[in-house]
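For reference, the structure is listed below as structure tokens.
The values are calculated or read from the model by the stated rules, or taken from the named source; none is laboratory data. In this text, all values refer to a predicted model and were calculated from it rather than measured experimentally. Heads up, the Cβs are rebuilt from the backbone with ideal geometry, glycines too, and the neighbour counts pull from every protein chain shown. Side chains included, ligands, DNA and RNA excluded: accessible areas come from the protein's heavy atoms. Shrake-Rupley method; radii C 1.70, N 1.55, O 1.52, S 1.80 Å.
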Amino acid sequence: MTGPTFLRAPEDQAVTQSLEEAFARRYGQGPEGVWSAPGRVNVIGEHTDYNAGLCLPMALQHRTYVAARRRPDGVVRVASQQTEASWEGQVDDVGPGRVPGWPAYVLGVLWALRRRDLPVSGFDLLVDGYVPVGSGLSSSAALSCSTAVALADLVPGGDRLTRQQLAADCVLAENVIAGARTGGLDQAIALRAVAGHVLLLDFRDFAAEPVPWTVTVRGWTLLVVDTRAAHSLVDGQYAARRESCERAASQLGLGALGEIDVDALDGALFRLREDDVLVRRTRHVVTEIDRVRGAAEALRRADVQALGELMTRSHRSLADDFEVSSPELDLVVEAALKSGAAGARMTGGGFGGSAIALVRVDEMQSVAQAVASAFAARGWAAPYVLEATPSGPAARVS
Ligand code: ADP
Ligand code: MG
């Protein structure tokens, strides 16, 4: 029987040391420092960001590291331990449509800080990442946010920028320079996480309230399953969901579906009754925002079962009403629930990526095995798994 592959987060110290050595080999001199930022998993609150709703993300122990050294000559060099592709040019060369590939996530931040009239000089940068890439665990924000804290520390005046301003710069970097759509959730948690907590994030004003992750004191934990199944049509489907939500809100005379109180939902659905799709999309968004509130309350009471039930209901709503699940995600949820999980759901935008399950610490292995066996029975590649333990925000590590 093939077991699931557990991805463990390495120790900061081990990564830092090898990254400093690799930096010196590559650039002929060691870095001025090493900074890191976490990947994240969203515990609940999906497709709520563009509806002015709520969500509840957690920063992972799995992080992306960046080593940096300033250069006086305006030359920028960017490389990653994960890929051969690198970039070299002048600070002035960075602009929209001018940086291909992954270096855009790094150079975009540099560009965003220059727009604030900060005196950004040249840089040598080397990246090393331990967040699974393209799995919905936000390796992209871990990359842009680790770069942001590095540059904010090294550029004169950068220390005056708040975490919220840095998050906004990272969003701008990803949207404008990397050409990636991102609503700000990933950057907010990467830069504003509190260790041992999840963040109750309000997309109306980006207010972030830390909620203690009490699951651990009850002997439970969060298992993340990366299905490794990427689906096509994701972009078109995402755009279609977003458009439906905007259309529903406008038919109701609202700015966003998040403005509908759950007690007023039936009335709103009655007004949308001519269009079954809009009814179901609206029902997901409004009930999901209510479930996020319920989940935060459940955590404050350390009520694992209540949290688990909300997670499973979130999955059903995403699968049935919002129609963004996939056979792989559904199978993770089904197998996890059957083998003792208190709750399980897809996480992230959907159509692939990762799912999460709330499991007893001493059952984490057996639940992971059950999921892997279910995948094997369908002839699907074994999923990757990791444990999500709420860690701290982007910071300097050496
Ligand atoms: P996710 O954020 O869910 O992992 P995205 O598609 O948003 O998926 O971001 C993945 C992209 O981020 C990669 O294709 C690559 O461009 C960039 N990236 C992330 N981590 C690294 C890394 N360690 N080295 C180079 N590029 C990286
Ligand atoms: Mg991303």
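Figures for the structure shown
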quantity: Per-residue ³J(HN,Hα) for the range 382-398, Karplus 6.51 cos²θ - 1.76 cosθ + 1.60, θ = phi - 60°, Hz, x for Gly and Pro; calculated: 4, x, 8, 10, 8, 8, 9, 10, x, 10, x, x, 3, 7, 6, 10, 7
quantity: 1.4 Å probe accessible area per residue over the range 232-308, in Å²; calculated: 51
quantity: Where a label projected 7 Å from the Cα of Glu21 along Cα→Cβ would reach, residues of the range 65-82 with amide N under 14 Å; calculated: none
quantity: Accessible area per residue in Å² at 1.4 Å probe, computed on the range 5-209; calculated: 38
quantity: GNM top mover of Gln82, Gln365, Gln237 - the chain, alpha-carbon springs below 10 Å; calculated: Gln82
quantity: The range 196-301, dipole about Cα centre (Lys/Arg Cβ +1, Asp/Glu Cβ -1), debye to the nearest 20; calculated: 360
quantity: Debye, to nearest 20: dipole size of the range 5-209, +1 on Lys, Arg Cβ, -1 on Asp, Glu Cβ; calculated: 120
quantity: Gaussian network model of the chain, springs between alpha carbon atoms under 10 Å - residue of Met364, Met346, Met58 with greatest fluctuation; calculated: Met364
quantity: Listed residues Gly348, Gly196, Gly97, most fluctuating in the chain (Gaussian network, C-alpha, under 10 Å); calculated: Gly97
quantity: Lys/Arg +1, Asp/Glu -1 at C-beta; the range 5-209 dipole; positive extreme among Gln82, Ala37, Thr182; calculated: Thr182
quantity: For the range 1-158, share of DSSP beta bridges that run antiparallel, in % to the nearest 5; calculated: 80
quantity: Mean residue ellipticity (222 nm) of the chain, computed from DSSP H runs ≥ 4 via -39,500 (n - 2.57), nearest 500; calculated: -12500 deg cm²/dmol
quantity: Loop-resident sites, the range 18-119, for GluC sites (Glu not before Pro), counting at most 14 other Cβ within 10 Å (DSSP); calculated: none
quantity: Placed amide H near Gly74: partners under 5 Å, 5+ positions off or other chain; calculated: Gly122
quantity: In sequence order, calculated HN-Hα J values of the range 79-95 (Karplus, 6.51, -1.76, 1.60; Hz; x Gly/Pro); calculated: 9, 9, 5, 8, 8, 6, 5, 9, 9, 9, x, 9, 3, 5, 6, 7, x
quantity: Dipole-positive endmost among Gly267, Leu252, Val279 within the range 198-288 (Cβ charges, Cα centre); calculated: Val279
quantity: In range of the label at Phe6: residues from the range 135-150 whose backbone nitrogen is under 12 Å from the point 7 Å along Cα→Cβ; calculated: none
quantity: Distant-in-sequence amide H partners of His197 (H built 1.01 Å from N, under 5 Å); calculated: Trp213
quantity: The chain, accessible surface, carbon-and-sulfur percent (1.4 angstrom probe); calculated: 47
